[in-house]
Amino acid sequence: YYRWLAMAMAGGGWMSDYDTFPLTPLQAADSAPEKEGGHRPGDQHSMPNGGDFTVYSVLPGSKKGVPCLMSGRAGEWTRMALNILEDGLNHPQEKMWTDFFALMDISGTYATRDDVVDGEQVLTGKAWDEKDCHITQGKRAVHFSHSSMSSGVLRKGETMNDRPKIAKSFLQLWRDRCPKQAQEADEAAKTILGKEQALSRRQARKRRARMAKREEAKEQK
């Protein structure tokens with residue numbers, strides 16, 4: 001639960017689980033107005049839905065979010081942190097009531113998008129192939145959760161402890177077998193990097209201008 005409060009204190013933005021791997025960078029369309037602790041449009045912290053709290057992974061056939069990739073401005077992270085804490089207090093009999101269960105319980109208090117592929121869908125026991133690329137089309141990320149590792153089909157010799165190697169192997173196979181998707185992701189990354197560099201240059205010019213004005217004011221005194 002601390003990570004939700006930490007996100008609020010950090011000014012909001014994006015948060016993902018350590019086992020969620022990106023398939024594409026943030027897009028220009030993900031920009032959010034700079035309000036209530038939000039970030040500048042177009043930078044790496046930009047957010048969809050105007051910064052309203054959004055969960056990008058859902059249980060199949062539902063609106064119940066899985067907290068592996070989320071975004072929101074600072075006030076939204078505070079609101080959701082309080083909501084899940086209150087929900088936890090409503091389940092004192094449970095030995096373990098995580099933010100996963102709480103988020104299921106309070107569905108309807110946040111927006112959802114089906115943008116994350118569950119690892120089970122790509123763990124088929126065989127090498128990723130071109131015909132499988134439709135599974136990742138238009139998706140932001142793939143989530144190799146503990147559950148997906150248990151329910152997915154691992155290749156011979158692989159175990160749960162091989163999760164980092166399995167994820168790395170899949171991402172390389174995805175780039176090799178789905179070159180169009182990989183190219184689109186690379187082009188988007190270059191566009192975003194260019195915008196960030198341009199923003200950094202503008203900020204540097206503004207800093208130099210402010211410093212020059214201060215020096216000029218000192219000389220006049």
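Since every read-out is calculated from the coordinates, none of them should be taken as a lab result. If you're wondering where the values come from, they're calculated on a predicted model, not measured in any experiment. Positions of Cβ are generated from backbone atoms using ideal geometry, with glycine treated the same way; all protein chains shown enter the neighbour counts.
Checking the table K126/K165; K64/K195; K139/K165; K63/K165; K64/K156 against a 25 Å threshold on Cα-Cα, which pairs fail? If you can, show how the numbers build up before the last one.
Values: K126/K165 15 Å; K64/K195 34 Å; K139/K165 21 Å; K63/K165 31 Å; K64/K156 34 Å.
The answer is K64/K195; K63/K165; K64/K156.
Put in order of Cβ neighbour count within 10 Å, fewest first, the listed residues K95, K63, K180 become K95, K180, K63.
Report, in deg cm²/dmol and to the nearest 500, the calculated mean residue ellipticity at 222 nm for the chain, where each DSSP H run with n ≥ 4 adds -39500 (n - 2.57) and the sum is divided by the residue count. Intermediate values should be presented prior to the final figure.
Values: 7 runs with 98 residues, N = 221.
Computed mean residue ellipticity for the chain: -14500 deg cm²/dmol.
Size estimate for region 104-171 follows the Kirkwood approach: the inverse of mean 1/r over distinct Cα pairs works out to 13.2 Å.
Under a point-charge model restricted to the Cβ atoms of Lys and Arg (+1) and Asp and Glu (-1), what is the dipole moment magnitude of region 122-221 relative to its Cα centre, in debye to the nearest 20? Spell out each step's value before the answer.
Numbers: 25 positive and 13 negative charges, 179 e Å.
Around 860 debye, computed over region 122-221.
Among residues other than K63 whose Cβ falls under 15 Å from its Cβ, what is the net charge (Lys/Arg +1, Asp/Glu -1)?
Taking every Cβ under 15 Å from that of K63, the sum is -2.
By the beta carbon rule, with partners counted only under 4.7 Å, the chain holds these lone Cys residues: C68.
Only four residue types carry charge here, +1 at the Cβ of Lys and Arg and -1 at the Cβ of Asp and Glu. Report the dipole size of the chain about the Cα centre in Debye, rounded to the nearest 20.
On the way: 34 positive and 30 negative charges, 257 e Å.
That gives the chain a dipole magnitude of about 1240 debye.
Of all beta bridges that DSSP places with both ends in the chain, some 65 percent have antiparallel geometry. The fewest-to-most ranking of H134, H91 by surrounding Cβ atoms within 10 Å reads H134, H91. Peptides 117-124, 148-155 ranked from most to least packed by the mean count of surrounding Cβ atoms within 10 Å: 117-124, 148-155. Taking other C-beta atoms within 10 Å as the exposure proxy, K195, K206 rank K206, K195 from fewest upward.
Provide the net charge surrounding G125, with neighbours chosen by a C-beta distance below 13 Å and charges set as Lys +1, Arg +1, Asp -1, Glu -1. If you can, show how the numbers build up before the last one.
Values: positive: K126, R155, K156; negative: E120, D129, D132, E158.
That works out to -1.
Is the shape of the chain best called rounded, prolate or oblate, per the rule: a/c under 1.5 gives rounded, else a/b larger than b/c gives prolate, else oblate, with a ≥ b ≥ c the square roots of the Cα gyration tensor eigenvalues? Cα axes put the chain in the oblate bin.
For the chain, the relative contact order works out to 22 percent when only alpha carbon pairs closer than 8 Å and six or more residues apart are counted.
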